[in-house]
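What follows is a single structure, written as structure tokens, with notes after it.
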Amino acid sequence: RKIRQTLRYSKDKVKIIRELELIIIDEISMVRADIIDFIDKVLRVYSNNMREPFGGKQLLFVGDVFQLEPVVTRDMRDILSRFYTQFFFFNARVFGDLGLVPIELQKMYRQTDNTFLSLLDRVRNNHASAQDIAQLNQRYNPNFTDNGEFVITLAMRRDTVDAINDEHMRALTTPEYTFTGVITDKFPENELPTSKELVLKQGAQVIFIRNDKDNRWVNGTLA
């Protein structure tokens, strides 16, 4: 009853929930345990099936748990730690009543070098040897310069990314445009996918970080 009072879905959305048979969740490694339990409760309530996990619906989780982990802020951690020992999707309480069936994909499509693939797999499983680390470090060039060529830089911290972007943006002499985002409801600014105020210049390279509902671009499109 509380869920129905809090989440007032339209009749069309309730109809979708009741009639759906399969839900696919991509990048599952980033989904927190409490989100999975919330999905479980909503599906049970609106499917009128409180007895079965997820209201009897089938779920397909896609992703690699060795990659990105759930984003849990300090405030979230203080609250969630009262209910969960860890925060990965498989720590959800619903799985105490329902076993997961793992399916591991074996074929790699992005890489064809078997030696490099084996090295990546050892790093992925935290089994990298000193020789593996040395081989990776051989590719490191502390004196590398882009010489004006287009280069994508991967960085661990957002402030590093912002500094690099600002440096290259200042180098452009083209007209400048400011785009200001709109936040609805409660959404902490430090958790936004990008700055609320985005300053761009004509001719700047831009990577999209969200899919477009009209399919004009996808997450990762470079323009």
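The values are calculated or read from the model by the stated rules, or taken from the named source; none is laboratory data. The shown structure was predicted, so the numbers you read here are calculated from the model rather than taken from an experiment. Reconstructed Cβ throughout: ideal geometry from the backbone, glycine too, with neighbour counts over all protein chains shown.
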The condition of being in the same structural domain as I25 (by the TED database), free of Cβ contacts under 8 Å to residues at least 60 places away in the same chain, exposed (fewer than 12 other Cβ atoms within 10 Å of the Cβ) and acidic (D, E) holds, among D78, D40, only for D78
All conditions in (1) β-branched (V, I, T); (2) at pLDDT 95 or above; (3) over 18 Å from the mean Cα position of the chain (by Cα) are true of T112 except (2)
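Could you run through segment 162-174 and say how many residues are assigned to a loop (DSSP other than H, G, I, E, B) and touching a Lys or Arg at 6+ places or on another chain (Cβ under 7 Å)? Even if it seems obvious, please write down each step before you answer.
At the first step, the residues of segment 162-174 found to be assigned to a loop (DSSP other than H, G, I, E, B) are 172-174.
Now drop any that are not touching a Lys or Arg at 6+ places or on another chain (Cβ under 7 Å), which leaves 172, 174.
Of the residues in that region, 2 qualify.
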In the set D64, D34, D97, D78, the lone residue that is charged (D, E, K, R) and farther than 30 Å from M156 by Cβ is D97
Selection over segment 175-189 where residues are surrounded by 11 or more Cβ atoms within 10 Å (Cβ to Cβ) and either in contact with a Pro (Cβ under 7 Å, 6 or more places away or on another chain) or part of a helix (DSSP H, G or I) (or both) yields a count of 0
So, first residue outside the structural domain of D40 (by the TED database) and under 30 Å from L120 (Cα atoms) in segment 52-64, second residue at pLDDT 95 or above and hydroxyl-bearing (S, T, Y), Cβ within less than 9 Å, six or more apart or across chains; the pairs are none
Matching residues in segment 81-107 (surrounded by 13 or more Cβ atoms within 10 Å (Cβ to Cβ) and not polar (S, T, N, Q)) number 10
Checked segment 46-84 for anything outside any loop (DSSP other than H, G, I, E, B) and closer than 24 Å to V101 by Cα; matches are P53, F54, G55, G56, Q58, L59, L60, F61
Residue set V62, V71, V123; condition more than 30 Å from L20 (Cα to Cα) and either acidic (D, E) or within 21 Å of the chain's Cα centre (by Cα) (or both); output residue V123
